[in-house]
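The values are calculated or read from the model by the stated rules, or taken from the named source; none is laboratory data. No experiment lies behind these values; they were computed from the predicted model shown. Note: ideal-geometry Cβ built from the backbone for every residue, glycine included; neighbour counts use all protein chains shown. Accessible surface areas use protein heavy atoms only, side chains included; no ligands, DNA or RNA. Shrake-Rupley method; radii C 1.70, N 1.55, O 1.52, S 1.80 Å.
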Amino acid sequence: MSTSAQIGVTGLAVMGRNLARNFARNGYTVAVHNRTASRMKALVEEFGNEGDFIGAETAGEFVAALERPRRLVIMVKAGEPTDAVIQEFAPLLEPGDMIIDGGNAHFADTRRRERELRERGIHFVGTGISGGEEGALHGPSIMPGGSTESYGSLGPMLEKISAKAADGAPCVTHCGPDGAGHFVKMVHNGIEYADMQLIGEAYQLLRDVAGYSPAEIAEIFRTWNTGRLDSYLIEITAEVLSHMDAATGKPFVDVVVDQAEQKGTGRWTVQIALDLGVPVSGIAEAVFARSLSGHAGLREASQGLAGPTAVPLGKEEAAAFADRVEQALYASKIVSYTQGFHEIAAGSEEYGWDIDLGAVASIWRGGCIIRAAFLDRIRAAYDARADLPSLLSDETFAREIAEAQDDWREVLIAATRQGVPTPGFAAALAYYDALRARRLPAALTQGQRDFFGAHTYRRVDREGSFHTLWGGDRSEVSA
């Protein structure tokens, strides 16, 4: 066994433990440390046959076990726990060493930490890791930020342990300076929220409008997963829907409380989008849908509200409707990714990160939760035109949306008539229609703002800002 480690992991809950094992399985000697030493000892005892581990009970032993430049991975809860670990280890490090935060940190915290540690000569690498505990062990999608120098030392190791796309490319890229990696991971999770909401709406439509059972819907999703909707989330949805509860013999989805939880990254995506002035309505509706599901008292109090009478579909009508739902789901999915990549581009411009959108699409092709076959085409679209203003500006995606739009609209009409809530589908279509509209009611909004607050407006026929004197003769003056 080596007496020094190429990398160390502190924080050995499931994600940290599996990430340490992944490094060891790929030939690296890994120093492992945990605040509770028994967890470290259990890892070495149970998985020591997978590679070389150096167990460390104290922070000093842990740092001493690392070769220079030291690479120290933190896998603890975001927020104060992360700050506490940094404060414990930073005094033991030397200039050129690096701390890698693999948790779901807020990118603003990462920017602060990077700035503070840079002043001490220590590299701080905020690193988004997607794929859950299985991805951490077998190969996740990895989104590191930080300095170019730190990636030169750390990057080859991350590339080795990462997931590999179908073409063999490692699912990791240097996203950019300071908080770029955690920003990209945040938006990834926001898209994940939207994707899951859209899939949930498709399920609800197939069940409440088309009348299919969960097992039948599972087969529909399996069919979809062989085509353009091929993705990890569609795959696992089929598995969940086909699962029967052993205790009751009922479909699993019928015995689960319909209140979805969230850990915050989807909410952050929406909050930051508001700060950047970027419309991510599909992601926002997904966040709000989870919030609404948790208001059990409000929902219970509203059970008696009036709604339409459901009209069951015949067998042929149901099959045709399922095909339309597939079109609506695919079109809405394109819009979700469009909004997410728009936010990444806006964040990149705001913070000077120069994020390569094609590279982001490339590393999401494997390992991560939103991995999907059509990410190859998203990558190709941005590779062909780095300044692409929107995925909807890509000829292929625009054509597919055009082909899907009639069915998309019919699905929303059916949902409205049957009283099935589809906030994700509806928000996606509204976004699409707003983008293609020649005129928006924002002109009226500006008139209202000028009327009650003298906020001024611009005209279509000449330059400048103007204000109308709304009392009297309503004359116009330059502002």
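Taken one residue at a time, the phi angles of the range 337-344 give Karplus couplings (6.51, -1.76, 1.60, θ = phi - 60°) of 5, 4, 5, x, 5, 4, 5, 4 Hz. Gly and Pro are set to x. Residue-wise HN-Hα couplings along the range 374-390, as the Karplus relation 6.51 cos²θ - 1.76 cosθ + 1.60 with θ = phi - 60° gives them from phi, are 6, 5, 4, 6, 5, 4, 4, 5, 6, 5, 6, 8, 4, 9, 3, x, 6 Hz; Gly and Pro carry x. What you get for the chain, charging only the Cβ of Lys and Arg (+1) and of Asp and Glu (-1), is a dipole of about 440 debye around the Cα centre. Ordered by 1.4 Å accessible area with all protein chains kept, Met244, Met15, Met186 run largest first as Met244, Met15, Met186.
Looking at the chain, the accessible area is 47 square angstrom per residue; that uses a 1.4 Å probe and ignores ligands, DNA and RNA. In the complete set of protein chains, residue-level accessible area for Cys175 is approximately 10 Å², probe 1.4 angstrom.
Computed from the mean reciprocal separation of all distinct C-alpha pairs, what Kirkwood hydrodynamic radius does the range 110-256 have, in Å? Show your work: numbers first, answer last.
Numbers: mean 1/r = 0.0560 Å⁻¹.
After inverting the mean inverse Cα-Cα distance, the result is 17.8 Å.
The aspartates and glutamates whose alpha-carbon is closer than 19 Å to the alpha-carbon of Lys315, local same-chain residues fewer than 8 away aside, are Asp208, Glu216, Glu219, Asp323, Glu326, Asp407, Glu410.
Accessible area ranking (1.4 Å probe, heavy atoms, ligands and nucleic acids excluded), largest first, for Asp208, Asp258: Asp258, Asp208.
A cut-off of 5 Å between modelled amide H atoms, ignoring neighbours fewer than 5 places along the same chain, links Val9 with Ala31, Val32, His33, Val73.
Quick one: order Trp470, Trp268, Trp408 from most to least accessible surface, probe 1.4 Å. Please report the intermediate quantities before stating the final value.
Working: Trp470 75, Trp268 50, Trp408 0 Å².
So the residues, ranked largest to smallest area, are Trp470, Trp268, Trp408.
Rolled with a 1.4 Å probe across the full set of protein chains, the surface gives Arg207 an accessible area near 60 Å².
Counting protein heavy atoms only, the chain has 51 percent of its accessible area on carbon and sulfur, 1.4 angstrom probe.
Accessible surface for Lys164 stands near 100 Å², nearest 10, in the context of the full protein assembly shown (1.4 Å probe). For the range 215-356, the dipole from Cβ point charges (+1 on Lys and Arg, -1 on Asp and Glu) about the Cα centre works out to 360 debye, to the nearest 20.
With respect to the chain, whose longest principal axis is taken over its alpha-carbon atoms, helix 80-89 is tilted by about 30°. For the range 435-478, the relative contact order comes to 23 percent (Cα pairs under 8 Å, sequence separation of at least 6). Rg over Rh for the chain works out to 1.03, both radii taken from alpha-carbon positions and Rh defined as the Kirkwood radius.
Within a straight-line Cα-Cα reach of under 24 Å, Lys77 can be paired with the following lysines, leaving aside sequence neighbours fewer than 8 residues apart in one chain: Lys41, Lys185, Lys263. In the chain, the longest principal axis of the Cα atoms and the axis of helix 423-436 are about 70 degrees apart.
Looking at the range 15-162, send over the antiparallel percent of its DSSP beta bridges, to the nearest 5.
Details: 4 of 16 bridges.
Around 25 percent of the beta bridges assigned by DSSP in the range 15-162 are antiparallel ones.
Once backbone amide H atoms are built at 1.01 Å from N, Phe124 has Ile99, Ser147 as its partners under 5 Å, excluding neighbours fewer than 5 places away on the same chain. Put simply, the amide H of Gly366, placed in the peptide plane, has no neighbours under 5 Å, leaving out anything fewer than 5 places away on its chain. Across the chain, C-alpha contacts under 8 Å between residues 6 or more apart give a mean separation that, scaled by the residue count, equals a relative contact order of 13 percent.
With everything on Cα atoms, drop me the angle between helix 281-293 and the longest principal axis of the chain, reported from 0 to 90° to the nearest 10. For 281-293 against the chain, the angle is about 80 degrees.
Whole-Hz Karplus values for the range 157-173 come out as 5, 5, 5, 5, 8, 6, 5, 10, 5, 4, 8, x, 5, x, 8, 8, 8 Hz, taken residue by residue from phi with 6.51 cos²θ - 1.76 cosθ + 1.60 and θ = phi - 60°; glycine and proline positions read x.
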